[in-house]
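**Q** Dumping the structure here so I can ask a few things about it.
The values are calculated or read from the model by the stated rules, or taken from the named source; none is laboratory data. None of these values were measured; they are calculated from a predicted model. Counting neighbours? That spans all protein chains shown, and the Cβs are built from the backbone with ideal geometry, glycine included. Surface accessibility is based on the protein's heavy atoms, side chains included, excluding ligands, DNA and RNA. Shrake-Rupley method; radii C 1.70, N 1.55, O 1.52, S 1.80 Å.
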Amino acid sequence: MAENPEGWKPKILGLVCNWCSYAGADLAGGARMQYPPDIRIVRVMCTGRLDPLFIMKAFTDGADAVLVSGCHFGDCHYLEGNYKAAKRMFLVKSLLKNIGLDDRRLRMTFVSASEGAKWAKVVEDVVNVTHELGPSPFNRKYGELKELV
Amino acid sequence: MAEAVSPTTSKKPETPRIGVFICHCGTNIAGSIDIDAVKEYAKTLPNVAYVDDYKYQCSMPGQVNIREQIDANKLTGVVVAACTPRLHEPTFRAASKDGGLNPFRFEMANIREQNSWVHMHDREGATEKAKDAVRIAVAKAALLEDLYPKSVPVERAAMVVGAGVAGMQAALDLANAGIKTYLIEKEPSIGGRMSQLDKTFPTLDCSQCILTPKMVDVGRAENIVLMVNSEVEDVEGYIGNFDVTIRRKATGVLSPEEAEAKGIVGGGCTGCGDCGPVCPVTKPNEFEMNMAPRKAIYIYHPQVVPLLYTIDWDSCVKCGLCVEACGEKKAIDLEMQDELVQVKVGTVILATGYEVFPIENKEEWGYKRYDNVITSLEFERLICASGPTGGHLVRPSDGETPMRIGFVLCAGSRDNTGIGKPYCSRFCCMYSLKHAHQIIEKIPGAVPYIFYMDIRSFGKMYEEFYYRIQDEGAKFIRGRVSNIQEDPVTKNVTVYVEDTLLGRPMEIELDMVVLAAAVQPTELTNKTRKLFGVSCSQDGWLLEAHPKLNPCGTTTAGVFLAGACQGPKDIPDSVAQAEGAASAASIPIHKGEVELEPYYAMCIEEKCAGCGMCVNLCPYQALSLVEKDGRTVMQVTEAKCKGCGTCGGFCPGGAIWMNHFATPQIVAQIDAFLLGGEQ
Amino acid sequence: MREYAFFLGCIAPNRYPGAESASIITSRRLGIELLPLNGASCCPAPGAFGSIDLNIWYAMAARNLVLAEQMERDIALICNGCYKSIYEVNHKLKHNDELRDGVNEVLKEIDMEFKGSIDVWHLAELLYDENIVGVEKIRESVKVPLTGTKIAVHYGCHLMKPKKERHMGSTEAPRWIEELVEALGAEAVEYRNKMQCCGAGGGVRGYDLPHSLDITNEKLQNMIEVGADAVTEVCPFCQLQFDRGQIEIEEKFGIKYDMPVFHYNELLGLAQGMSPSELGLDLHAISTEPFLKKVL
């Protein structure tokens, strides 16, 4: 692992569904489970709402990682939005690889409304992986290719 | 992508003026986040016209302040940085509305559940995160639009799934409130687990004596449509308008009403019982925990409601002897088929109960290997006067009366081995105390040995009952039973346990052991909950909307929970929750209409290419293609759309506008996070 | 012919050579070739080593595993103690990178590296596995059926437990070795507390012999209670405890049982027609004559 630049803190965008993962994250709060503060949450009603372009936009804006989190398969509040989201995330992952970004910068997980502990673990994992990968090349301050964006 | 314009906004965009209100939540937020720093930062954000903070923003003065500042500062949007929107979004929307703003101009920044509570020891990190959260919320608030919830009429009928004591109580309450109620039960009779019990704790009422009158009431109630042998097959619609398909399984027996409908005058099953004796097939009776026989055409017991025989198709040989015995009543139809029935209801209560954990999985106790190791439910039937032995407790191995009886508590409960259940099954301590009392009372000289971890006697008069059983001479041994061995000759069972109070291992030879097996949600619960879009917790119990403040509700509007399907519950708690759920389920029906959140999709027609990709994606068939001005465009049936946004996430032309979660709004949030702050 | 690296262990070759020869000969007839694992050391004994220094236990077992990896053969063995050490260390090293790195650091000194390329099997598992041998094939190989004998099966602890790390089904009431015994024509009898320890394991035999014999005594009584003619096991250490232990029980408690004790492969050899001397039955501490009279 290369030394990460001084002063850099991972910028991680979390796109989570209202019914499962957002509720799971609230539960982690209620149970006072501690995890690193590097993630910022944008709530949607369902991960099915996520246009692949949202994620590409986040990376062009310099996000170091994006976490998409929805309901478990079979538990979607809207029946099957999470299946569709998962399919799209495979597409985005291959897009990321094509443009030379490590596809580990995008992660999709399934955290239910009762899995507070899992949410904390997921965020911690994503933060650790992001530290391992270092700043995104498109990071507005620390990225190697910041001039390009 | 970001230039999409809402199809509803025709007037030119106003300049947003956002008010930001930051909550301390006592020290819940202020203890981990530098409120002043967030406040000063918020003032520097674009479009922010007013910033304030308050100790408890949700309190009346906090809400009044929001109301006043909307007017004083001509705010076009409100951001409250406080707890989760799942708790107080309705509160602050109401406050915004009181201030003259459309309630959907409100946006919440969660700086408690997802910030101060999870970064308690990182004040700097938490404060930075709070600043970002406020910035993201302000960016969205600046783009929010007026939305108007749609009122839809509520069908004046309700449904209760599961007719155990909780489901029956809920159905009776709804019916008494004048609401037509469909009561769906998968078994041939209502009554559920409670009807299998002998006595109830701590009052020692006879379970059947208090339950049977209720069963009869349910059978008689004019407003209750009772459907036994039935399961929920499919659910469509939403609060106020659920279209439920029920599978009525073929019972092979016509009720008098059904017979009449078929033109058989004066026919149908009267429960006379002439068919049973002639049936040549004998099967174990599930109601008696397989300890008594029944025929392939059967009722569980004489008090069943409705009093109708049922054919067990798996064992029926279709010999036709029962048809002959039935004679003129012509109640039996061996060619009967399942029937699908459609009903429309406004609200639904799930009361699907529990089943016993397969305790044979805990191999060390030898259930199903040793004759004289039984479960508590089997004990209930053996001690019950109407049970297979007429209430004489006997050992299964030899029919002798047992004198030394062990009760193993937490059998499969509070078990972290991965085989049992990690939770407390909650009523086993109390019914085992009751069992101990029953054998002391019924069998002179019999000694109950209770192997326990903790006695949890939490309810009204429960602790007193515990003392009473101690005084009656039950032996309490605090320790978890590690192993049970059977004597191959006498069939006595030796219990190996560490008495943790004396600090020594013990071996106790007993005549019989009763395992207070853990309980788990029924297998069908999982299927049913998915049909209604209800979540479950990790252990499978159905998830309530809020564990403290909304224990009867679910995250699906119009669907409520009663009884043990939500978690192990004794009878009083089940009944109490049933009454709560019935009350909650009757509110929308009595109001007559409900407001639906206006999060539906809209088509931006000038962008729509009419490709129709979205039409197939929609899980609710809410989208269709129509001809308009010579072009094919998509059209949304708003009442069908539930607002998931799956169509909006896919539309290749960006032609779908998701109310309140529109593409420009989400992109503004992403940009605000990544570009708006300090790099 | 399936080939396995045969890990002998210590007790079988030193105390019950018949168990060793019986395993090789009977297996060959059933399509399993047991190849010598040259250079193998003690497994090492899980109780004696594992309770004192886990790192030594890991490293020595890993060395034995590497020998088989170099042969490119899975290991087959006939002792529950060896199974505990070799199977479990293999499992742990495969699933725990940190542990594996530590062990490989030690192995580097003798130019070895644990790769995790093989599996470890108890010979009894292979005999029971339908895809390898199976009960039917064993039944077909029988020339001298053991009809009319009642045999008490002792599984031994390390073969079946801990449950989470084993894969032979029920740990409290297993029946698969009984099936293997019944394939030989004998009756396998159920007895009280079947899954109890033989008394030897976990270092108890070495540390507290009277206590250890007490357990063995209880087990033997439970077997006598149901009229067993002999004990069978799949572990030479259990065999030692039941066989040699009866002499010690007589010395210490004055109780005489004369219960013959057989490794399962010895019984299999008898049923396949091997002679008692080929099976080294004369080396048992308790005479096997009364049993042999019943079947031969």
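**Q** So for C:F253, B:F465, what's the accessible-area order with a 1.4 Å probe, most first?
**A** Ranked list, largest accessible area first: C:F253, B:F465.
**Q** Take peptide B:76-87, look around each residue's Cβ out to 10 angstrom, count Cβ atoms belonging to other protein chains, and average those counts.
**A** Averaged over the peptide's residues, the number is 2.
**Q** How large is ³J(HN,Hα) for each residue in region A:16-21, as worked out from phi by the Karplus curve 6.51 cos²θ - 1.76 cosθ + 1.60 (θ = phi - 60°), to whole Hz, x for Gly and Pro?
**A** Per residue, the Karplus-derived 3J(HN,Hα) values read 10, 7, 5, 8, 9, 5 Hz.
**Q** Further question on the same structure: Take every residue in peptide B:480-492, count the Cβ atoms of other chains within 10 Å of its Cβ, and give the average of those counts.
**A** 2
**Q** Suppose R0 equals 60 Å. What FRET efficiency, 1/(1 + (r/R0)^6) with r the Cβ-Cβ distance, do A:E80 and C:M1 give to the nearest 0.05?
**A** Efficiency, from the Cβ-Cβ distance: 0.70.
**Q** Return the sequence-ordered ³J(HN,Hα) values of region B:304-320 in whole Hz as given by the Karplus equation 6.51 cos²θ - 1.76 cosθ + 1.60 applied to θ = phi - 60°, using x for Gly and Pro.
**A** For region B:304-320, the Karplus-derived couplings read 5, 10, x, 7, 9, 6, 9, 9, 8, 5, 5, 10, 5, 9, 6, 6, x Hz, x marking Gly and Pro.
**Q** How much FRET efficiency would the formula 1/(1 + (r/R0)^6) give for C:K143 and C:E113, where r is the Cβ-Cβ distance and R0 is 41 Å, rounded to 0.05?
**A** Step by step, r from the Cβ atoms, then E = 0.35.
**Q** Restricting to chain B, what percent of DSSP beta bridges are antiparallel, rounded to 5?
**A** Among the beta bridges of chain B, antiparallel pairing accounts for roughly 50 percent.
**Q** Just to be sure I understand: of the beta bridges DSSP finds with both ends in the protein assembly as shown, what percent are antiparallel, rounded to 5?
**A** Here the antiparallel bridges make up roughly 40 percent for the protein assembly as shown.
**Q** Which aspartates and glutamates, on any chain, are close to A:K146 with Cα under 13 Å apart, when same-chain ones fewer than 8 places away are left out?
**A** A:K146 reaches A:D61, A:D64.
**Q** How far apart, in nm, are two points set 7 Å out from the Cα along the Cα-to-Cβ line at B:E627 and at A:I99?
**A** Those two pseudo-labels are separated by 4.2 nm.
**Q** May I ask you to order B:423-432, B:95-104 by the average number of other C-beta atoms within 10 Å around their residues, highest value first?
**A** Going from most to least packed, we get B:423-432, B:95-104.
**Q** Further question: Could you state the accessible area per residue of region B:256-337 in Å², with a 1.4 Å probe and every protein chain left in place?
**A** The answer is 54 Å² per residue.
**Q** Now a separate question. Once the other residues with Cβ under 11 Å from the Cβ of C:F262 are scored (Lys, Arg +1; Asp, Glu -1), what is the net sum?
**A** Once positives and negatives cancel, what remains is -4.
**Q** Give me the percent of accessible area attributable to carbon and sulfur for chain B, probe 1.4 angstrom.
**A** Summing carbon and sulfur atoms, their accessible area is 51 percent of the total for chain B.
**Q** Another question about this same structure. For region C:1-68, what is the per residue volume of the convex hull drawn over the alpha-carbon atoms, in cubic angstrom?
**A** Spread over its residues, the Cα hull of region C:1-68 gives 83 Å³ apiece.
**Q** Using a ≥ b ≥ c from the Cα gyration tensor of chain B (square roots of the eigenvalues), is it rounded, prolate or oblate, where a/c under 1.5 gives rounded and otherwise the larger of a/b and b/c decides, a/b for prolate?
**A** Since a/c reaches 1.5 but b/c is at least a/b, the shape of chain B is classed as oblate.
**Q** A follow-up question, please. Among B:207-217, C:150-160, B:477-487, what's the highest-first ranking by average C-beta atoms within 10 angstrom per residue?
**A** Per-residue Cβ counts within 10 Å, averaged per peptide and sorted highest first, yield C:150-160, B:477-487, B:207-217.
**Q** Sticking with this structure for a sec: Relative to the present Cα-Cα distance, how much length would full extension add between B:F458 and B:K640 at 0.36 nm per residue of separation?
**A** Fully extending the segment from B:F458 to B:K640 adds 60.9 nm.
**Q** Across 20 Å bins from 0, what is the distribution of all Cα-Cα pair distances for the protein assembly as shown, in whole percents?
**A** Over the protein assembly as shown, the share of Cα pairs per 20 Å bin runs 10, 29, 33, 24, 4, 0 percent.
**Q** Something else now. Using only Cα atoms, locate the centre of region B:108-129 and the centre of region B:186-229, then give the distance between them in Å, rounded to an integer.
**A** So the two Cα centres are separated by 51 Å.
**Q** Place a point 7 Å from Cα of B:V489 in the direction of its Cβ. Which residues in region C:182-222 have their backbone N less than 19 Å from it?
**A** Residues C:189-194, C:217-222 qualify, since their backbone N sits under 19 Å from the label point.
**Q** Calculate the dipole size of chain B relative to its Cα centre from +1 charges on Lys and Arg beta carbons and -1 charges on Asp and Glu beta carbons; express the result in debye to the nearest 20.
**A** Here the size comes out at about 840 debye.
**Q** Right, here's the next one. Suppose we keep just the alpha-carbon trace of region B:256-337; what are its Rg and Dmax in angstrom?
**A** 12.7, 40
**Q** Between region A:78-141 and region B:70-106, how far is it from one alpha carbon centroid to the other, in angstrom?
**A** 32
**Q** Using amide H atoms built in the peptide plane, which far-off residues or other-chain residues are under 5 Å from B:D34 H to H?
**A** Those lying under 5 Å, H to H, from B:D34 are B:T127.
**Q** Does region B:1-153 classify as rounded, prolate or oblate by the C-alpha gyration tensor (a ≥ b ≥ c root eigenvalues; a/c under 1.5 gives rounded; else a/b over b/c gives prolate, otherwise oblate)?
**A** It is prolate, given that a/c is not under 1.5 and a/b is the larger ratio.
**Q** Now, a different point. B:K640: which lysines have alpha carbons under 25 Å from its alpha carbon, excluding same-chain residues fewer than 8 sequence positions away?
**A** Reachable lysines: A:K84, A:K87, B:K150, B:K180, B:K344, B:K527, B:K530, B:K591, B:K607, B:K628.
**Q** Between B:T203 and B:K548, what is the label-point separation in nm under the 7 Å Cα-to-beta-carbon projection?
**A** Using points 7 Å along Cα→Cβ, the separation is 3.1 nm.
**Q** Right, next: Using alpha-carbon pairs under 8 Å, 6+ residues apart, how would you state the relative contact order of chain A in percent?
**A** 34
**Q** Continuing with the same structure: Within 10 Å of each Cβ in peptide B:643-656, how many partner chain Cβ atoms are there on average? Round it to a whole number, please.
**A** That average works out to 6.
**Q** Right, here's the next one. Using a Cα-Cα cut-off of under 26 Å, which lysines could be cross-linked to C:K143, ignoring same-chain neighbours fewer than 8 residues away?
**A** C:K293, C:K294
**Q** Oh, and also: With a ≥ b ≥ c the root eigenvalues of the C-alpha gyration tensor of region B:358-520, is it rounded (a/c under 1.5), prolate (a/b larger than b/c) or oblate?
**A** Verdict is rounded for region B:358-520.
**Q** Just to confirm my understanding: which cysteines in chain C have no other cysteine beta carbon less than 4.7 Å from their beta carbon?
**A** Result for chain C is C:C10, C:C42, C:C157, C:C197, no neighbouring Cys Cβ within the cutoff.
**Q** State, to one decimal in nm, how far the label point of C:A48 lies from the label point of A:E3, with both points 7 Å from Cα in the Cβ direction.
**A** 5.3
**Q** Take the cross-link list A:K118/B:K43; B:K295/B:K569; B:K186/B:K642; B:K39/B:K129 and give me the ones stretching past 24 Å between alpha-carbons.
**A** Over 24 Å Cα-Cα: A:K118/B:K43; B:K295/B:K569; B:K186/B:K642.
**Q** Also, quick follow-up: Pulled fully out, how much extra length does the chain show between B:N223 and B:S151, if you take 0.36 nm times their separation in residues and subtract their Cα-Cα distance?
**A** Length gained, B:N223 through B:S151: 23.3 nm.
**Q** Another question about this same structure. With θ set to phi - 60°, apply the Karplus curve 6.51 cos²θ - 1.76 cosθ + 1.60 along region A:103-119 and write out the HN-Hα couplings as whole Hz, x wherever there is a Gly or Pro.
**A** The phi angles translate into 6, 6, 6, 10, 10, 10, 10, 10, 10, 7, 5, 9, 10, x, 5, 5, 4 Hz.
**Q** Now for a separate question. Would you pull out the residues with amide H under 5 Å of C:E3's amide H, same chain only if 5 or more places away, H placed 1.01 Å from N?
**A** Under 5 Å from the amide H of C:E3: C:E33.
**Q** Can you give me the long-range amide H partners of B:A411? Hydrogens built in the peptide plane at 1.01 Å from N, cutoff under 5 Å, separation of 5 or more residues or another chain.
**A** B:A516, B:A518
**Q** So which trypsin sites (Lys or Arg not before Pro) in region C:74-130 pass both tests, a DSSP loop state and at most 14 other Cβ atoms within 10 Å of the Cβ?
**A** C:K115
**Q** In whole angstrom, note down how far apart the Cα centers of region C:12-40 and region C:228-261 are.
**A** Here the two parts' Cα centres lie 23 Å apart.
**Q** Nearest 500 deg cm²/dmol is fine: what mean residue ellipticity at 222 nm does the protein assembly as shown get from its DSSP H runs of n ≥ 4 alone, each adding -39,500 (n - 2.57), divided by its residue count?
**A** Result for the protein assembly as shown, helices only: -10000 deg cm²/dmol.
**Q** Here is a follow-up. Using only protein heavy atoms and a 1.4 Å probe, how much accessible area in total is buried between B and A, to the nearest 100 Å²?
**A** Buried area between the two chains comes out at roughly 4900 Å².
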